[in-house]
Structure formats: structure tokens, C-alpha cells
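The values are calculated or read from the model by the stated rules, or taken from the named source; none is laboratory data. All values derive from a computational prediction rather than experimental measurement. Positions of Cβ are generated from backbone atoms using ideal geometry, with glycine treated the same way; all protein chains shown enter the neighbour counts. For accessibility, only protein heavy atoms count, side chains too; no ligands or nucleic acids. Shrake-Rupley method; radii C 1.70, N 1.55, O 1.52, S 1.80 Å.
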Amino acid sequence: MEGAGGEGEGEKGGSSEAEEEGQLTQERLDAWRAAKTAGTVRVKPAPPAPPAGWAGEQVISPTADDWEPAIAADPHAPYVYLLSTRYTGPTACGNQCPLPYHVLKISTDGGATWGADQYLCACRGVQGQFDPEIEVVPNTGAVYAAWMNGFNVVFSKSTNHGQTWTTPVPVYGNVSWNDKPILAVSDNGNDVYIAFNGPTGGDPYVAQSHDGGGTWTQTKIVESKRYIYAFDGDVLPNGTVVFSETSLLYGGGGALTGDDQVNVYRSINGGASWTTNLVDTVQIGPVCMAAGCPADYYPGHSAIAGFGNSNLVLLYDGATVSGGNETVYVQRSSNGGATWSGKQALSTSGEMGDFPSVEMASAADVRSWYMQTNGGNFDAWNVWYRSSADGGLTWTAPVKISDVTSGASYKTANGFLEPYGDYGETAITSAGKTVATWGEGNSYTGPGGVWVNRQT
């Protein structure tokens, strides 16, 4: 949810949001330069204190300002791919190439080590790149990516383990402004779906390709005065497509009003038609008070994962009373998203739980993480990992995987100062190990960094 704002219902987006995004980019660059001058920009080596079975978290760059990562793993080979939005140069071609831009990191050993930074796309003439998405095609090992060049969503793919990429293809057709893409891919790679927000009050669209991303059509799922954000999606082996999307309502000055509606959009006919399943309605939690933070930063996140033709797990955050701390909840479906189980809490009562992520290794094996405050302190966040061996019915005790407590200006013994990015992600390697990535920062303005931890 980049550059939040708006002057009324349906007025978020378009040229005003592009202007806000440009301002945010400059503010983040200024904050990074100030930290560099003060000598606090570098993440210094600090010994991790990993929990049993984990390697310990590591930052992908000790000096860059990295935000909002995406990650994917090849299920049949040891390749892991990580994309991050980088607000500090050098760009691919000076001031002719985008800033921020997407940096690509590739691991050939299941996330144990990472190769040099790569540019996903030089994209000369583009002002900035945002909201990266990356997926591996299970049957072929091809790597698919989607992102925003400015406020236009594009798609590219690699068939040589991320070494080279096809020329980005626009997916948005005649939809003149789009935001927040989410990528979902069939097992054979032929069917590709990208959910995004359209120009009229954030209406939800799905772009779809049935030739591996060569050509695209677009479908508007619903018409609404609410702003509807896609956060995760999956394509089941039988072709069922699901996207988890949350629906918010904006009032004056970009403030949120009303409630948060948690939806699963679903197609059982290859994207020809879509149904809406309102899974839950929750309340809007606290307003973020960190420097630069928009009113809509904490509410409205969701994550969904599936395995087989029937099993789905949905995570989302929300409050029980307006302005109260949010809780991360989980629901399950055993019929491909047609109906849902009812919610149970994953995060700790009394704390602020937010920014969930989830993946499934089998119908029974579910892996998740979420962020949570420490002692109710909104300047002390940690990342907690939980897993389930029965499809999400019961869960292991929380394990803290943000285990480095010093070495960066935003690291403390109690946690990091602020989540840095609207989402992070989880991947499961070919060896069956979890790799998790997320952002941590001084504030919404930054600077911050992208961190990774993995099971051993």
C-alpha cells in the first residue's frame, strides 16, 4: 500500500498518489543520507542468537535502504530467489533508470548463501519501481516476476535460473492506472494471474494470461466504493484460482473509516468468472505514529496458501474494537475456498499482531510468520514463526526468528523499531526448509533493511 492518501471515498490513487510516491522516495533518500552522515547507516556485524533449527537472521545489504521483499523457492532444485525494492543507488544507468529499483538476489544452496546484487530490469526511462512479486513454476523451474513500473504493472520471466529476463510485458490493457500486484502461477506455468487495484477507488482487477505471460486480458471483479488490496494468491492443481484481498474505506485526508472486510476472490473456470467470499469482518486497528507513516499502514493485510485441489489456509490481521490492537487470525478451507472454518488467533492477546505470511508444504504442513509488538511497545517489533502439522488446526509454540538485537540503528534488545514494508514472504526449499524474509527500519520513512532467516 504505497503512498497512502486521498481526499474522500474512491479518491485514493491516480496522479495524487504518484506525486506522493515521488515525495516518499525523496524523503527516504534524505533519511538515508542523514543516517550516512551520522555514521549510523551501516549494519554492523552482530552475532545472531538463532533459535534451535534456524541459521540466524542476516541483512541482504549492510548499507542499502531496502524495503518490502518477495521470495520464491524452486521445489525441485536448491534455487531461491529474492526481490527487494531498493531506494539507494547506484541505478542501472544513472538518472535514466528507475529509483527506487528492484534488486534480485539468487541463492543456489537453499538460502545458505546469496549471489551478487542483480538488476531485475534496467527499465530505462521509468521513474521508479515498486511492489515486486516473484514465483517459481513448479513443473519447469522457470521464474516469473511482476512489479510496477511507475503505476503500471508489468510481467517478465527467466528460463535460466534468473540470469536473464524477458522484456517486461504490460499486463494492464486499457486500465490506465494500477497498483499493488499479486502474482499467482499454475503448476505448468501456462496460466498466470496478476491481481491489482484499478484507477476508480481501488477496484479489484485480475489480469490473466493463458500462454505463459505472452498475452493478457483484464477482468474487473467487483465495483465498489471501498479500496480493495490484493495481498496473496494461489493456483491449485485443478485450476482453481484464489486471491486474498482486504477491503478498506477511506474518509477525508486519507484516514480510514468503518471496518476491514477480508475477502477471498475465487475462480473455478480459468478466470472466466469470479466469486466473492467475505470470510470475515474485523475492525481497524491503531494508526501508525512512526515518522512518515500513513494512516492505512497497519490495517488490512492477508496471506493465503494452498496445497492440492482442496486445502487452503488464510491468515489476516484485524482488531475486535476500533483502534484496538490487531490480532493475526487463521482460517482453513477443505473445499478449495468455497467455505471457511471460522477464525482462531495466532498472535498473542494484548499485543499488536500484523503483517502475516504463510506457505504450505503439504496438505498438513503449514508454515507461517507474523510481526508482533513486545510488551505493547510500538517501537519494539519481532517476527514470530509458527507451523502446523494438521493443516492449520493446531500450531506449534511461537519461535522468534528476528534474533539479531544490535548492529543496526533500528535494532534493540526488545525488537526492531518499525516494520519496513507492507509485506514480506515465506518460501519452502526443495529440502523442505523454510526461508523467511521481511523488512525492518527506523520508521516508515527509514532507513531500513531487508532481512532473511532460514531453517537448518
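For beta carbons closer than 6 Å, sequence separation of 6+ or different chains, a first residue in the stretch 207-228 that is under 15 Å from PRO181 (Cα atoms) and a second that is basic (Lys, Arg) and outside any strand (DSSP E or B), the qualifying pairs are TYR227/LYS12. Is it the case that some residue within the stretch 217-229 is on the phi > 0 side of the Ramachandran plot and either open to solvent by 30 Å² or more (accessible area, probe 1.4 Å) or outside any loop (DSSP other than H, G, I, E, B) (or both)? No, the stretch 217-229 contains no residue that is on the phi > 0 side of the Ramachandran plot and either open to solvent by 30 Å² or more (accessible area, probe 1.4 Å) or outside any loop (DSSP other than H, G, I, E, B) (or both).
Here PRO199 fits the description: open to solvent by 10 Å² or more (accessible area, probe 1.4 Å), touching a helix residue (DSSP H, G or I) at 6+ places or on another chain (Cβ under 8 Å) and not aliphatic (A, V, I, L, M). Put simply, of THR434, THR429, THR412, THR445 the only residue that is over 14 Å from MET371 (Cβ atoms), open to solvent by 30 Å² or more (accessible area, probe 1.4 Å) and not hydrophobic (A, V, I, L, M, F, W, C) is THR412. Among the residues of the stretch 230-253, at least one is at pLDDT below 95, in a helix (DSSP H, G or I) and more than 19 Å from PRO170 (Cα to Cα).
How about the stretch 48-78: which of its residues are assigned to a strand (DSSP E or B) and farther than 13 Å from GLY421 by Cβ?
Filtering the stretch 48-78 down to residues assigned to a strand (DSSP E or B) leaves 54, 58-59, 66-73.
Result: TRP54, GLN58, VAL59, ALA72, ALA73.
Close contacts from the stretch 90-114, counting a first residue that is at positive phi and a second that is part of a loop (DSSP other than H, G, I, E, B) and surrounded by fewer than 22 Cβ atoms within 10 Å (Cβ to Cβ), with Cβ to Cβ under 6 Å and a gap of 6+ residues or different chains, come to GLY110/PRO78; GLY110/ALA431. Screening VAL321 on (1) touching a residue at least 40 places away in the same chain (Cβ under 8 Å); (2) part of a loop (DSSP other than H, G, I, E, B) shows it passes everything except condition (1).
Out of the residues in the stretch 142-194 that are assigned to a loop (DSSP other than H, G, I, E, B) and among the hydroxyl-bearing types (Ser, Thr, Tyr), state the one that is least open to solvent (accessible area, probe 1.4 Å). Before the answer, list the steps.
Taking the stretch 142-194 as the starting set, the residues that turn out to be assigned to a loop (DSSP other than H, G, I, E, B) are 142, 150-151, 159-168, 171-178, 186-191.
Those left that are additionally among the hydroxyl-bearing types (Ser, Thr, Tyr): 159, 164, 166-167, 172, 176, 186.
Working: THR159: 123, THR164: 82, THR166: 65, THR167: 110, TYR172: 48, SER176: 93, SER186: 10 Å².
Ranking the candidates gives SER186 first.
Looking only at the stretch 323-361, residues that are out of contact with any Pro (no Cβ under 8 Å at 6 or more places or on another chain), among the aliphatic types (A, V, I, L, M) and buried (at least 16 other Cβ atoms within 10 Å of the Cβ) come to 4 in all. Is it the case, given these coordinates, that THR275 is of a type in the set (S, T, N, Q), open to solvent by 40 Å² or more (accessible area, probe 1.4 Å) and touching a Phe, Trp or Tyr at 6+ places or on another chain (Cβ under 8 Å)? Yes.
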